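What follows is one structure encoded as structure tokens, with my remarks underneath.
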Amino acid sequence: MKAHILGYPRIGAQRELKFASEQFWKGDLTLAELQQVAKQLRGQHWLAQKSAGLDYVSVGDFSLYDQVLDHAVLLGAIPARFGFDTTQIEAEQYFALARGNAAQPALEMTKWFDTNYHYLVPELSPEQQFSAHPEQILAHLDEALLWGCKAKPVLLGPLSFLYLSKLDTQVDDPSASKLALLDRLLPVYVEILHAIETKGVSWVQIDEPILALDLPTEWRDALPKVLANLSSTPLKILLATYFENIEQHLPALASSPVAGVHIDAVRAAEQVAPFVRDLPAHQVLSLGVVNGRNIWANDLSKSVTVVQSARAQRGENLWVGSSCSLLHSPFDLANETALAPELKGVLAFARQKLDEIVTLKKAVTLADDSTQQVIAQNAANWQTYRAWSEVNRADVRAAVAQIQPDDALRNTPFAQRIQAQNERFQLPLLPTTTIGSFPQTGEIRRIRAAFKKGAVNQPQYEVAMKAEITRVIHEQERLGLDVLVHGEAERNDMVEYFGEQLDGYAFTQNGWVQSYGSRCVKPPIIYGDVARPQAMTVAWSSFAQSLTQRPVKGMLTGPVTMLQWSFVREDLPRHEVMLQIALALRSEVLDLEAAGIGIIQIDEPALREGLPLKRSDWQRYLDNAVFAFGIAGNAVRDHTQIHTHMCYSEFGDILPEIAKMDADVISIETSRSRMELLDDFGTFAYPNQIGPGVYDIHSPRIPSTDEMVELMHKATQVIPVQQLWVNPDCGLKTRSWAETLPALSNLMAATQTLRAQYASAATRSAQ
């Protein structure tokens, strides 16, 4: 019986990779220095796995930016538009693919399944040629072997790579399909596997996470060919799946030549029994019984029972591991010193999950006293947590029980409300705004950190924040924006800020997880019933509004996103927790309205990412999400305008549900897709107003006025101009003022050009 994981966090215990990367981009760190930091982190992470007692360490899961981008480089799948030599991608070119450069925007970015990790979408063409470039993974294998580690290389499988890629839509070939490229891709994978074989490893983990999706028939039918090709070398293939039930593929896997199959036994525990029973005895079955996506300690007694039962039938051909990569977990619970002991006792971060996996192996294979003591202590910790008075609140449960269906609906239809809003705000054609945050300088972060540590008192903190809000308001007025924001200088994170002010939330000191590239987030922990003890944003929004005659948006994070971007308790249904959050936000919305804030934005960037991977489960989730949003925002009067924002997503299949949210204005990220994402809104005839992003804030690149005009022209081809707003893709928190001001200046110039064009057209039409 073997113990292993599918992958490990790469940012480092203190986010060393983040800071080194950002220093390199600024020119404050050499490439050699960045590479040295990366090498040290890899060694530390492999030794952590080895010292914990895992039988294999994962190699190939480390990335300077994104693992899917790494595979595009590995396979020579570099878009021709960059003009790079695919045989030799240098660091500058690698990061240009991720972040864009002066000549080209970056690769599109989207969510990794239903997680909060973002991957970079490879761009392929129907004529795509692939080539093997395994130098990086071979070098990492050499490093791991020098550390004395028994390595298990990790590769994203060919089916998933193609499925998650983007085919060039400019090519007029209706027969073109990503799957048609498979025959060209498979020999390259085989070549890479042969290269890996030279390093003396025995097992290779091939990740095919798309098997958890409702795949089209032709993709399912391609699986046997893929498995046969991957198994054509002497290497043993562990086909790894995660995030959902893959029982529909069991017959194909059972008849395939792969040496082993990994399944997610946390998200899809129901598939364990059929796989234990029907996977042939000569194939290894790896059970992912330790949750790679949450921070709760494993219920070891329960998991031991599952593993023991499976081992009784499968013997030594049973492995135990993490449900998925630990990429989605914070690094080390040992770095947390401020959590309540009742809570800390039932938590496990990535480092602790290594110990849990080894404990489960030992409990089944050795059953020694020390292991039994660990299991007994685990059970006692859970008992203490469940008895903790902060976990369950009768008043919150009663409030949720009293919610009525009509509580989620606006008083009147949009066509009627918009008249009242137009009369109140008197906005021009193509109103301009931003999404919420403005650049957070080092000085802002320093003051916020000092305030948290008590080095800056409340009055000093408020003076500093109000000075920054004043600056942000005045800059927006100077630029000529129509609807302003206060800039969110007081907010560290769009979820953490609110969670810190809500009961039932806890926060870590170092619980960082990677969102994309160097961007890390520190999700809060929802451990108990959620309630709002007092107003959270009203004072800041009111101050900002007092500085200007233009409307200033109140900015909130919606209930779906508050849930999705937190580590959520597992003893209540998620929709109940979401309704608790929605009621807390409802109180905040009504307080903002009473304070004179006329436009309130309730961001839901995570709405689509929360979709279950199986389509049959969608409707229940969407019904719950739309209802929770309505509870949060729809109690306002007609002349109060509700906005929402959603990040990179494919919206076409859920547009009816988005429309049911009935937000007066929705803004979406569309610039990297060149407005392709907007097509769905035009086809559907979205009834309310919409702000498609014209400025990619995830890149330091400053788009020109002409580019933005072109993008908005594309938008007007599918959405009537009267329904359109002009805004960046997302908040500007991660950008510098030196990037933000010229970009927004170009945005305003583009808007003026467009307004003049439409005014001229209207004049000609009147004549």
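The values are calculated or read from the model by the stated rules, or taken from the named source; none is laboratory data. Computed from a predicted model, the values in this text were never measured in an experiment. Cβ placement follows ideal geometry from the backbone for every residue including glycine, while neighbour counts extend to all protein chains displayed.
Based on what the data block shows, is Thr734 modelled with pLDDT under 85 and part of a loop (DSSP other than H, G, I, E, B)? Against the criterion (modelled with pLDDT under 85 and part of a loop (DSSP other than H, G, I, E, B)), Thr734 does not qualify. In the stretch 21-78, the residue that is nearest to the chain's Cα centre (by Cα) out of those that are hydroxyl-bearing (Ser, Thr, Tyr) and more than 18 Å from Leu138 (Cβ to Cβ) is Tyr65. For the stretch 343-379, filtering for residues that are of a type outside the set (A, V, I, L, M) and more than 29 Å from the chain's Cα centre (by Cα) leaves 12.
For beta carbons closer than 7 Å, sequence separation of 6+ or different chains, a first residue in the stretch 618-647 that is under 25 Å from Gln421 (Cα atoms) and touching a residue at least 24 places away in the same chain (Cβ under 8 Å) and a second that is assigned to a helix (DSSP H, G or I) and basic (Lys, Arg), the qualifying pairs are Val626/Lys660; Ile631/Arg586; Ala632/Arg586; Ala635/Arg586; Asp638/Arg417; His639/Arg424. Checked against the criterion of being under 26 Å from the mean Cα position of the chain (by Cα), modelled with pLDDT of 90 or more and of a type outside the set (D, E, K, R), the candidates Ile697, Ile702, Ile668 yield just one match: Ile702.
Among the residues here, Pro605 does not qualify as part of a loop (DSSP other than H, G, I, E, B), surrounded by 19 or more Cβ atoms within 10 Å (Cβ to Cβ) and out of contact with any Cys (no Cβ under 9 Å at 6 or more places or on another chain). Considering each residue of the stretch 226-248 in turn, at least one proves to be surrounded by fewer than 19 Cβ atoms within 10 Å (Cβ to Cβ), among the hydroxyl-bearing types (Ser, Thr, Tyr) and at pLDDT 95 or above.
Only residues that are among the small types (Gly, Ala, Ser) and assigned to a helix (DSSP H, G or I) were counted across the stretch 10-43, and they come to 5. I'm trying to understand the selection: among the residues of the stretch 235-291, which are aromatic (Phe, Trp, Tyr), within 21 Å of Lys361 (Cβ to Cβ) and either part of a loop (DSSP other than H, G, I, E, B) or within 29 Å of the chain's Cα centre (by Cα) (or both)? Once the filter is applied, which keeps residues that are aromatic (Phe, Trp, Tyr), within 21 Å of Lys361 (Cβ to Cβ) and either part of a loop (DSSP other than H, G, I, E, B) or within 29 Å of the chain's Cα centre (by Cα) (or both), the stretch 235-291 yields only Tyr242.
Of the numbered criteria (1) in contact (Cβ under 8 Å) with a residue 24 or more places away in the chain; (2) over 27 Å from Leu41 (Cα atoms); (3) assigned to a helix (DSSP H, G or I), the one Glu316 fails is (3).
For the stretch 114-137, the set of residues classified as in contact with a strand residue (DSSP E or B) (Cβ under 9 Å, 6 or more places away or on another chain), part of a loop (DSSP other than H, G, I, E, B) and under 21 Å from Arg608 (Cβ atoms) consists of Asn116, Tyr117, Val121, Pro122, listed by residue number.
One line per residue, one yes/no per condition, for (1) among the hydrophobic types (A, V, I, L, M, F, W, C); (2) more than 20 Å from the chain's Cα centre (by Cα):
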{"position": "Ala506", "(1), (2)": "yes, yes"}
{"position": "Gly511", "(1), (2)": "no, no"}
{"position": "Gln514", "(1), (2)": "no, no"}
{"position": "Pro533", "(1), (2)": "no, yes"}
{"position": "Met536", "(1), (2)": "yes, yes"}
{"position": "Ala544", "(1), (2)": "yes, yes"}
{"position": "Lys553", "(1), (2)": "no, yes"}
{"position": "Gly558", "(1), (2)": "no, no"}
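For residues in the stretch 686-731 being of a type in the set (D, E, K, R) and in a helix (DSSP H, G or I), which is surrounded by the fewest Cβ atoms within 10 Å (Cβ to Cβ)? Step by step, filter the stretch 686-731, then rank; the result is Asp706.
Each row is one residue, and each column tells you yes or no for (1) among the charged types (D, E, K, R); (2) in contact (Cβ under 8 Å) with a residue 60 or more places away in the chain; (3) farther than 21 Å from Ser202 by Cα.
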| site | (1), (2), (3) |
| --- | --- |
| Gln248 | no, no, yes |
| Ala259 | no, no, no |
| Ala265 | no, no, yes |
| His282 | no, no, no |
| Leu287 | no, no, no |
| Ser325 | no, yes, no |
| Ser329 | no, yes, yes |
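Thr670 meets each of the listed conditions (1) surrounded by 24 or more Cβ atoms within 10 Å (Cβ to Cβ); (2) within 24 Å of Ala594 (Cβ to Cβ) apart from (2).
Listed here are the residues, each with its yes/no results for (1) among the basic types (Lys, Arg); (2) in a loop (DSSP other than H, G, I, E, B); (3) out of contact with any Gly (no Cβ under 9 Å at 6 or more places or on another chain).
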{"site": "Ile581", "(1), (2), (3)": "no, no, no"}
{"site": "Ser587", "(1), (2), (3)": "no, no, yes"}
{"site": "Leu613", "(1), (2), (3)": "no, yes, yes"}
{"site": "Ile631", "(1), (2), (3)": "no, no, yes"}
{"site": "Asp638", "(1), (2), (3)": "no, yes, yes"}
{"site": "Glu657", "(1), (2), (3)": "no, no, yes"}
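For the stretch 325-335, the condition holds for no residue, the condition being that it is of a type in the set (A, V, I, L, M, F, W, C), buried (at least 19 other Cβ atoms within 10 Å of the Cβ) and under 23 Å from Val276 (Cα atoms).
Filtering Ala334, Ala338 for residues that are hydrophobic (A, V, I, L, M, F, W, C), within 28 Å of Gln14 (Cβ to Cβ) and free of Cβ contacts under 8 Å to residues at least 24 places away in the same chain leaves a single hit, Ala334.
For the structure I just gave you, tell me whether Leu75 is crowded, with 22+ Cβ neighbours inside 10 Å and farther than 16 Å from Ser325 by Cβ. The answer is yes for Leu75.
Arg81 meets the conditions (1) among the charged types (D, E, K, R); (2) over 22 Å from Gly517 (Cβ atoms); (3) surrounded by fewer than 16 Cβ atoms within 10 Å (Cβ to Cβ) in every case but one. The failed one is (2). Specify the residue that is surrounded by the fewest Cβ atoms within 10 Å (Cβ to Cβ); the eligible residues are those in the stretch 550-579 that are under 18 Å from Thr537 (Cβ atoms) and of a type in the set (Gly, Ala, Ser). Restricting to residues being under 18 Å from Thr537 (Cβ atoms) and of a type in the set (Gly, Ala, Ser), the top hit is Gly554. The residue of the stretch 209-224 that is farthest from Ile246 (Cα to Cα), among those that are of a type outside the set (Lys, Arg), free of Cβ contacts under 8 Å to residues at least 60 places away in the same chain and in a helix (DSSP H, G or I), is Glu218. Contact annotation: residue pairs with Cβ atoms under 9 Å, 6 or more positions apart or on different chains, pairing a residue in the stretch 511-522 that is in contact (Cβ under 8 Å) with a residue 24 or more places away in the chain with a partner that is small (Gly, Ala, Ser) and assigned to a strand (DSSP E or B), are Val521/Ser515. Restricting the search to helices (runs of 4 or more DSSP H) fully inside the stretch 429-530 and requiring at least 3 residues that are aliphatic (A, V, I, L, M) and buried (at least 22 other Cβ atoms within 10 Å of the Cβ) gives 458-479.
For Asp482, indicate whether it is more than 25 Å from Trp725 (Cα to Cα) and charged (D, E, K, R). Answer is no for this residue. Using the structure shown, decide if Asn245 is polar (S, T, N, Q) and in contact with an Asp or Glu (Cβ under 7 Å, 6 or more places away or on another chain). It is true that Asn245 is polar (S, T, N, Q) and in contact with an Asp or Glu (Cβ under 7 Å, 6 or more places away or on another chain).
A quick yes/no check of all residues on (1) out of contact with any Leu (no Cβ under 6 Å at 6 or more places or on another chain); (2) surrounded by fewer than 18 Cβ atoms within 10 Å (Cβ to Cβ); (3) under 19 Å from His698 (Cα atoms); (4) not hydroxyl-bearing (Ser, Thr, Tyr):
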position: Pro9; (1), (2), (3), (4): no, no, no, yes
position: Gln35; (1), (2), (3), (4): yes, yes, no, yes
position: Ala52; (1), (2), (3), (4): no, no, no, yes
position: Asp61; (1), (2), (3), (4): yes, no, no, yes
